[in-house]
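Working notes, structure below.
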Amino acid sequence: MESATIERPDPTPEPAPAAEPTPRKRHRGKAFLATLLLLGVTLVVGSRAADIDAFTPVPQLLAFLPWLLAPTALALLLALLSRRWIGLTWGVVLLGVLAWYIEPYGKASEPNGPVLAEVRVLTSNVQFGRGTDALVKAVRRDRPDIVFVEECELTCSAKLRDTLGDLSGRTPDYPHRRSVEGYGSTGSVILSRYPLKSADPIPGSMGMPGAVADVEGHPVRLQLAHPMPPLPGQLDTWRRELGALRAYAAKDARTPTILAGDFNATQDHAAFRAILDTGMSDAARLTGQDRRPTWPSPTTPRIGVQIDHVLVSEEDFSAREVRFRKLSGTDHNAVTVDLALHRRG
């Protein structure tokens, strides 16, 4: 009797181990993020290099140009981890360009003629009048000769008149003033110890009064600056109102000029640099504080941007000292500048 042969099924073959992703595939996400960061920074830096303010969100990001070092450094790290050598080179070039443009804009030369008068100027955006009380205290402490106040609505304007102006007593601290009265952000005031002659305000979305001061026998043009912020959908208005300030600065190159206020622009905006190019100097630049933030005050001086400026005609004024003060109730720091008016050579 033959024995039966039992056939056994072949054992199931073990599945082959899955192939590990290549290093390039494994780091694809890092490389993609690095490219996005580099593209964004390049768009902003390219606009700065081309001397244009471009379109939203470029003008908003231009205000924070020095802070673009952070995303650029992150992109460099991601490119290094993903071994993307093109990204590394790209990032290094961007860092170099950023470092170049972070340097102060414009020359820092000052006139060397004899000093005719010393003038202390203070500018403050009091945020819809909320910082008025703090401003009054700052004015009494610093005793500036000329005060520029932005967003000084009707209540603010009345308080300045009653406490510092021509209704404050027999010998008011600031007997002379020019103002554009308005609600919310539209009101602005210039207070002065010096006699003032009327000058037409610059038309704008917010009040921008002007005057001519008699500073110890020397005429000095005064203009408050408060153009529209570069909000999405409002860039044309922002450019137009900064352009009006530029036209004012360029109109009279012979008379000493002080142009002060909340410009809603920094030295990294082409429209602001165009004002400087008419022959104006930023007092903060003259004292080496051109990157000191003034807004938003809760995060200054560590984080913020410098949009509050005191500009002076470069052939007439030197700046001795600039001080930045936090005022309660407002998101802007006040800027106080000690100026010297020189005789032109």
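Residues satisfying the criterion are absent from region 294-307 (criterion: in contact with a Leu (Cβ under 7 Å, 6 or more places away or on another chain) and on the phi > 0 side of the Ramachandran plot).
Hey, does region 77-84 have a residue that's within 26 Å of the chain's Cα centre (by Cα) and touching a residue at least 12 places away in the same chain (Cβ under 8 Å)? No, because not a single residue in region 77-84 is within 26 Å of the chain's Cα centre (by Cα) and touching a residue at least 12 places away in the same chain (Cβ under 8 Å).
Among the residues of region 247-256, none qualifies, meaning not one is within 21 Å of ARG48 (Cβ to Cβ) and open to solvent by less than 20 Å² (accessible area, probe 1.4 Å). Within region 87-127, being among the small types (Gly, Ala, Ser) and in a strand (DSSP E or B) holds for ALA117, SER124.
Among residues of region 225-252 that are without any contact (Cβ under 8 Å) to a residue 12 or more places away in the chain, those with a beta-carbon under 9 Å from a residue that is assigned to a loop (DSSP other than H, G, I, E, B) and open to solvent by less than 30 Å² (accessible area, probe 1.4 Å) at least six positions away or on a different chain give the pairs ARG240/PRO227; ALA247/ILE202.
Conditions (1) of a type in the set (Val, Ile, Thr); (2) closer than 30 Å to GLY113 by Cα, marked per residue:
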{"residue": "THR287", "(1), (2)": "yes, yes"}
{"residue": "PRO296", "(1), (2)": "no, no"}
{"residue": "THR300", "(1), (2)": "yes, no"}
{"residue": "ASP308", "(1), (2)": "no, yes"}
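Listed by position, the helices (runs of 4 or more DSSP H) enclosed by region 26-86 that each have at least 3 residues that are surrounded by fewer than 16 Cβ atoms within 10 Å (Cβ to Cβ) are 28-49, 69-81. Per this entry, THR294 is not counted among residues that are buried (at least 19 other Cβ atoms within 10 Å of the Cβ) and touching a residue at least 60 places away in the same chain (Cβ under 8 Å).
This table checks each residue for (1) of a type in the set (Gly, Ala, Ser); (2) more than 16 Å from the chain's Cα centre (by Cα); (3) over 30 Å from ALA70 (Cα atoms).
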{"residue": "ALA271", "(1), (2), (3)": "yes, no, no"}
{"residue": "SER297", "(1), (2), (3)": "yes, no, no"}
{"residue": "GLU321", "(1), (2), (3)": "no, yes, yes"}
{"residue": "GLY345", "(1), (2), (3)": "yes, yes, yes"}
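The values are calculated or read from the model by the stated rules, or taken from the named source; none is laboratory data. Since the structure is predicted, the reported quantities are computational estimates derived from the model, not experimental observations. All Cβ positions, even for glycine, are placed from backbone atoms using ideal geometry, and neighbour counts span all protein chains on display. The protein model used for the area step is the full one, side chains on, heavy atoms only, and it has no ligands, DNA or RNA in it. Shrake-Rupley method; radii C 1.70, N 1.55, O 1.52, S 1.80 Å.
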